[in-house]
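Okay, structure first, notes after.
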Amino acid sequence: MRKKIGVFDAFSETMEQFGKNGCLLVVGEQGNPMAIGWGTIGIIWGKPVFIVLVRPSRYSFGLIENFPQFSVNVPAESLKKEVTLCGTRSGRDIDKVEKCNFTLEKGKMISVPYIKECSIHYECKIIHKNNVINTALDIDIVKEYYPEGDLHTVYFGEIVGVYREEV
Ligand SMILES: Cc1cc2nc3c(=O)[nH]c(=O)nc-3n(C[C@H](O)[C@H](O)[C@H](O)COP(=O)(O)O)c2cc1C
């Protein structure tokens, strides 16, 4: 059973996963999963916020631009192969949910689904977005991460629910 937990209750597991294989961002009402290696959680404007970064070249970009909600799904180590697939193949070309044998469940507070096979998930509504501005960014970071442009858009999602699978 999926139980609602406190906003920061799964903080360390979530950050740890970003440092390992990454988490899975799901966007769009149909649910397209994409691997994300960067993200953080905190308080901004007095609200709990999950920040994620998406490059315009991603299929997910069009989906998140059209529908301002997302779920962040925290996979166990055993889903490493699936995370890699979601980070190397595009939803433009294949159905990643089917390829990974994922089950999408209806979001509890949002219309974007979450991945049942990930035991922790966050539901978020976008309250702000911003573009990374290369002229305002450390030059070494620009060289390392943006040699071809494709600058991320940064999405600030208010966390409206965090859930953990409990037996
Ligand atoms: C571990 C890992 C982390 C990634 N992190 C991000 C990220 O934070 N932002 C991003 O735009 N792309 C990131 N990517 C690349 C996308 O996941 C990849 O381009 C994916 O195929 C996009 O899927 P889509 O076209 O279905 O949206 C990452 C890939 C991997 C393998």
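The values are calculated or read from the model by the stated rules, or taken from the named source; none is laboratory data. Just so it is clear, the structure is predicted and the values come from calculations on it, not from any experiment. All Cβ positions, even for glycine, are placed from backbone atoms using ideal geometry, and neighbour counts span all protein chains on display. Protein only, heavy atoms only, side chains kept; ligands, DNA and RNA dropped before computing areas. Shrake-Rupley method; radii C 1.70, N 1.55, O 1.52, S 1.80 Å.
Looking at V49, V26, just one residue is crowded, with 16+ Cβ neighbours inside 10 Å and either within 8 Å of the ligand (Cβ to nearest atom) or within 12 Å of I115 (Cα to Cα) (or both), and that residue is V26. On the stretch given as region 89-140, residues that are in contact (Cβ under 8 Å) with a residue 40 or more places away in the chain and part of a helix (DSSP H, G or I) total 2. Kindly check whether there is at least one residue in region 100-110 that is within 14 Å of the ligand (Cβ to nearest atom), under 16 Å from the mean Cα position of the chain (by Cα) and within 22 Å of N21 (Cβ to Cβ). Within region 100-110, one or more residues are within 14 Å of the ligand (Cβ to nearest atom), under 16 Å from the mean Cα position of the chain (by Cα) and within 22 Å of N21 (Cβ to Cβ). Being open to solvent by less than 70 Å² (accessible area, probe 1.4 Å), small (G, A, S), more than 8 Å from the ligand (Cβ to nearest atom) and on the phi < 0 side of the Ramachandran plot holds for only one residue in G62, G31, and it is G62.
Close Cβ contacts (under 7 Å, 6 or more residues apart or on different chains) running from residues in region 141-160 that are surrounded by fewer than 15 Cβ atoms within 10 Å (Cβ to Cβ) to residues that are among the hydroxyl-bearing types (S, T, Y) comprise D150/S57. When only residues in region 39-71 that are free of Cβ contacts under 8 Å to residues at least 60 places away in the same chain and under 9 Å from the mean Cα position of the chain (by Cα) count, which is farthest from D93 (Cα to Cα)? Ranking the qualifying residues of region 39-71, first place goes to G39. Which is under 11 Å from the mean Cα position of the chain (by Cα) and closer than 17 Å to F156 by Cα, of V74, V27? Step by step, each of V74, V27 is checked, and only V27 is under 11 Å from the mean Cα position of the chain (by Cα) and closer than 17 Å to F156 by Cα.
Among the residues making up region 68-77, a single one is under 16 Å from E29 (Cα atoms) and open to solvent by 50 Å² or more (accessible area, probe 1.4 Å): P68. The single condition from (1) surrounded by fewer than 20 Cβ atoms within 10 Å (Cβ to Cβ); (2) within 18 Å of Y145 (Cα to Cα); (3) within 9 Å of the ligand (Cβ to nearest atom); (4) not basic (K, R) that G19 fails is (3).
Picking from residues in region 78-94 that are more than 10 Å from the ligand (Cβ to nearest atom) and within 20 Å of P113 (Cα to Cα), the one that is least open to solvent (accessible area, probe 1.4 Å) is L79.
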